[in-house]
Amino acid sequence: MLKFLSKVKIEFNALDPRLASCMEFLAQCNARKAKESNPACQLIVKRRTDDHPPQIAVTFVNGVEEVFDATSTPAQTIRTRILEKGQLLETEQMFREAGETWPVIIPDEELNHPPPSIKPRKAEDKQ
């Protein structure tokens, strides 16, 4: 998960009962496997003393920042979103390295084609 990120900032008040998502996500970030995937990723923990709701801000390696409301978003959902965006970043990089344009534009006429038909094989063909 951390391999797609350059920075993670977790903010919470330790006395806030809504901090579960922050603590779980922090534990995932501190896992050996996660740290080994990107040792350069900055992990910043800000312990607040005010009533600001718990939040998790991540910065992807391409500079895009996303802030998650940790009061209503489970840590697993945040992790899943990061992995999905990370796969998109990898795909984009793969296309750019191959000299292809990004995003890939599919012409309307190709989108409107019916899918190819697949005929079931007969019993004698399966042998």
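The values are calculated or read from the model by the stated rules, or taken from the named source; none is laboratory data. Just so it is clear, the model here is predicted, and its values are computed rather than measured. Cβ atoms come from the backbone with ideal geometry, glycine included; neighbour counts cover every protein chain shown. The accessibility values were calculated without ligands, DNA or RNA, using every heavy atom of the protein model including side chains. Shrake-Rupley method; radii C 1.70, N 1.55, O 1.52, S 1.80 Å.
Points worth noting:
- Tail fraction, Cα-Cα pairs, the chain, threshold 18 Å, whole percent: 64 percent
- Heavy atoms of K3 accessible to a 1.4 Å probe, total area in Å² rounded to 10: 100 Å²
- Spatially, region 62-89 and region 1-37 are offset by 11 Å when compared through their Cα centroids.
- Helical mean residue ellipticity (222 nm; -39500 (n - 2.57) per DSSP H run of 4+; nearest 500) of the chain: -10500 deg cm²/dmol
- Within the accessible area of the chain (1.4 Å probe), percent carbon and sulfur: 53 percent
- Modelled this way, with points 7 Å down the Cα-to-C-beta line, the labels at T71 and A27 are 2.3 nm from one another.
- Residues in region 1-33 reached by a label modelled at T49 [backbone nitrogen below 15 Å; 7 Å Cα→Cβ]: 12-16
- Å² of accessible area per residue within the chain, as computed with a 1.4 Å probe and no ligands counted: 72 Å²
- GNM remark for the chain: springs join alpha carbons under 10 Å apart, and the peak mean-square fluctuation among E36, E109, E11 falls on E109.
- Point-to-point label distance, E90-A14, nm (Cα→Cβ direction, 7 Å offset): 3.8 nm
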